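This report refers to the structure that appears directly beneath it.
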Amino acid sequence: MKILVTGGAGFIGSNFIYHMLREHPEDTIVCADKLTYAGNAETLGNAAKHPSFTFYRADISVSRAVEEIFSREKPDAVVNFAAESHVDRSIAHPSVFLKTNVLGVQTLLDACRRHGVARFHQVSTDEVYGDLPIGRRDLFFTEDTPLKASSPYSASKASADLLAGAYFRTYGVPVTISRCSNNYGPYHFPEKLIPLAITNILRGKPVPVYGTGENVRDWLYVEDHCAAIDAILRRGVPGRVYNVGGHNERSNLQVVRAVISLLGKGEIEFVCDRAGHDLRYAIDPSRMERELGWKGSVPFEEGLSRTVEWFLANRQWWEHILDGSYRKYNREFYGANS
Ligand code: NAD
Ligand code: TDX
């Protein structure tokens, strides 16, 4: 199978590419990524050495660029990770979120339709369901929970899900959608809570915690998410939505304190709350378990410890992001690999 992975230079997409190269050496991976601030070609350095890997620098919302890749590569399946993904940025500057996360998805869906691609998988998020009350530990998001986005980011992801569903129903494009909870692990961009906490502490800076720190997220180690998407790609049913999560609910304060405890140091600084801050996310992953035999396998404490180890062992990777030098590497990489 030839798989086009869009957004593969980001956090989850790159982990997915390494997962696929390892687990399915018979497959071919084509990665298309715009290399925005969140795309890091250094992350794909080892993939680029692989004979079954090709990279294109391309914007998914530019139909000419997308058409060129589809015509040349003729992918069997497309897995779309490409997105603007940071909620705080969407609050400050919503328009690029609509361009990439909505129009970009429409552009990909049109190309899939034109080329008769056998599967389009849209990587979505639990944030499309809005939030749950903190005190109601009996409530979870199921695939039937109504969409109710809170931020421009989650509204753009919910819009993409609706479009994907419409392309399935109207044109018969074989679409699947996964809605996953918060991921963490290697190659996580240091603007998100866990990598920000680790890298701030390692640089002697306090960790900013929004509001009271009581908001709850449901954490999933990134490799578990990659395995879930792999299962959906192979055994998922077109037209179906799959919730992905591992029942690892923690408050933000619990998460930051766990990082401090693993590193043996670190300070918390309570800062102004995020506007419209979702209170609690909690996924019911039973459809994935029942229908596809997938189950999250990494407990939070183990995944967090592995993640902290990874950031300690790969200091250069995140220092290149923080000092901006990864952008120079990006220019050299797509020059050599496009
Ligand atoms: P990320 O921000 O780390 O990576 C996004 C990637 O997309 C980057 O490589 C970027 O260069 C690329 N990109 C952005 N705009 C593009 C465009 N117009 N054309 C082509 N490439 C473009 O994001 P992530 O955390 O890896 O998330 C990947 C996907 O998973 C997103 O769709 C996100 O909504 C979803 N998701 C993320 C999480 C999470 O916890 N991080 C959880 C559930 C779902
Ligand atoms: O400095 C911070 N301090 C803080 O308290 C940051 C960056 C975040 N937070 C809080 C906000 C959230 O309650 O921590 C929680 C996690 O924040 P983020 O890491 O920004 O993730 P979140 O907003 O939950 O969204 C993430 O999970 C779902 C991803 O960024 C999305 O792309 C994904 O869809």
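The values are calculated or read from the model by the stated rules, or taken from the named source; none is laboratory data. Since we're looking at a predicted model, the values are computed, not measured. With ideal geometry, Cβ positions are generated from the backbone for all residues, glycine too; neighbour counts draw on all protein chains shown. For accessibility, only protein heavy atoms count, side chains too; no ligands or nucleic acids. Shrake-Rupley method; radii C 1.70, N 1.55, O 1.52, S 1.80 Å.
Per-structure values
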| quantity | calculated |
| --- | --- |
| Every pair of residues 6+ apart whose Cβ atoms lie under 8 Å, when the first sits in region 142-171 and is free of Cβ contacts under 8 Å to residues at least 24 places away in the same chain while the second is away from ligand 2 (no atom under 12 Å from the Cβ) and assigned to a loop (DSSP other than H, G, I, E, B) | 147/130; 148/130; 149/130; 162/147 |
| Cβ-Cβ under 6 Å pairs, at least 6 apart or on other chains, region 296-325 side closer than 13 Å to residue 199 by Cβ, far side surrounded by 13 or more Cβ atoms within 10 Å (Cβ to Cβ) and of a type in the set (Gly, Ala, Ser) | 307/185 |
| Hits in region 72-87 (condition: open to solvent by less than 30 Å² (accessible area, probe 1.4 Å), more than 28 Å from residue 155 (Cα to Cα) and part of a loop (DSSP other than H, G, I, E, B)) | 75 |
| Single unsatisfied condition, residue 102 versus (1) under 16 Å from the mean Cα position of the chain (by Cα); (2) closer than 20 Å to residue 326 by Cβ | (2) |
| The lone exception for residue 247 - which of (1) on the phi > 0 side of the Ramachandran plot; (2) loosely packed, with under 15 Cβ neighbours inside 10 Å it fails | (2) |
| Strands (runs of 3 or more DSSP E) within region 200-308 that include 3 or more residues of a type in the set (A, V, I, L, M, F, W, C), under 22 Å from residue 137 (Cβ atoms) and within 16 Å of ligand 1 (Cβ to nearest atom) | 216-221 |
| Unique residue being modelled with pLDDT of 95 or more, open to solvent by 50 Å² or more (accessible area, probe 1.4 Å) and among the aliphatic types (A, V, I, L, M) when the list is 38, 92 | 92 |
| Residue among 126, 161 that is open to solvent by less than 20 Å² (accessible area, probe 1.4 Å), charged (D, E, K, R) and in contact with a helix residue (DSSP H, G or I) (Cβ under 8 Å, 6 or more places away or on another chain) | 161 |
| Qualifying residues in region 174-187 (those that are more than 9 Å from ligand 2 (Cβ to nearest atom) and part of a loop (DSSP other than H, G, I, E, B)) - the one nearest to residue 44 (Cα to Cα) | 187 |
| Flag for residue 112 being more than 30 Å from residue 306 (Cα to Cα) and buried (at least 24 other Cβ atoms within 10 Å of the Cβ) | yes |
| Residue ID - most open to solvent (accessible area, probe 1.4 Å), chosen from residues in region 261-285 that are more than 20 Å from the chain's Cα centre (by Cα), in contact (Cβ under 8 Å) with a residue 60 or more places away in the chain and more than 24 Å from residue 90 (Cα to Cα) | 267 |
| Every residue from region 113-132 that is closer than 13 Å to residue 75 by Cβ and more than 16 Å from ligand 2 (Cβ to nearest atom) | 114, 115, 116, 117, 118, 119, 120 |
